[in-house]
Amino acid sequence: MASDQQFPDRRPGQLISIGLRCKCPRCAVGGSFAKYLKVADRCPVCGLDLGGHDTGDGAVVPAMLLIGTLVVSLAAYVEFTFEPPLWLHAVLWVPTIFLLTMVILQPLKGVVIALQYRYRSTEEDEKENGT
């Protein structure tokens, strides 16, 4: 296992780039995910413990804002330009929302993991006597 001293202290922009690529925030080589949205227990390259990183809804809110803005804008454009029936909107936008969510959610979750690595310790100090 490698120590943190072997790795550079990265700026926020670098961390965001690493997170968007779903890479380990410490070594930037190994992956952060074991499955699509399941955070890996450890980085396969440097051994960083990723198990304590809980992204919660941190990636969901920006995803909803981005996807909602894009889809509502496109739906309004299509409605006012072509005036299609309502069923066509459902056929167009439901799969679009699903696909955009699948594409954007993992990279945003990777950004949250990378920023947590830099700005928040995920390791709790062991308390004496179990208290």
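Every number here is computed from the coordinates shown, using simple stated rules; none is lab data. What you see is a predicted model; the values in this text were computed from it and never measured. Glycine gets a Cβ as well: all are built from the backbone with ideal geometry, and neighbour counts include every protein chain shown.
Tabulated results
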| read-out | value |
| --- | --- |
| Only listed residue being more than 11 Å from the chain's Cα centre (by Cα) and in a helix (DSSP H, G or I), chosen from V103, V112, V78, V29 | V78 |
| Number of the condition not met by G52 [criteria: (1) in contact with a helix residue (DSSP H, G or I) (Cβ under 8 Å, 6 or more places away or on another chain); (2) closer than 22 Å to V112 by Cα] | (1) |
| Every pair of residues 6+ apart whose Cβ atoms lie under 8 Å, when the first sits in the stretch 102-120 and is closer than 18 Å to D41 by Cα and in contact (Cβ under 8 Å) with a residue 24 or more places away in the chain while the second is among the small types (G, A, S) and not in a helix (DSSP H, G or I) | K109/G58; K109/A59; G110/S32; V111/A59; V112/G58; V112/A59; I113/S32; A114/S32 |
| Any chance V45 is surrounded by 15 or more Cβ atoms within 10 Å (Cβ to Cβ) and in a helix (DSSP H, G or I) | no |
| Qualifying residue in the stretch 15-34 (condition: farther than 11 Å from K109 by Cα, of a type in the set (K, R) and free of Cβ contacts under 8 Å to residues at least 60 places away in the same chain) | no |
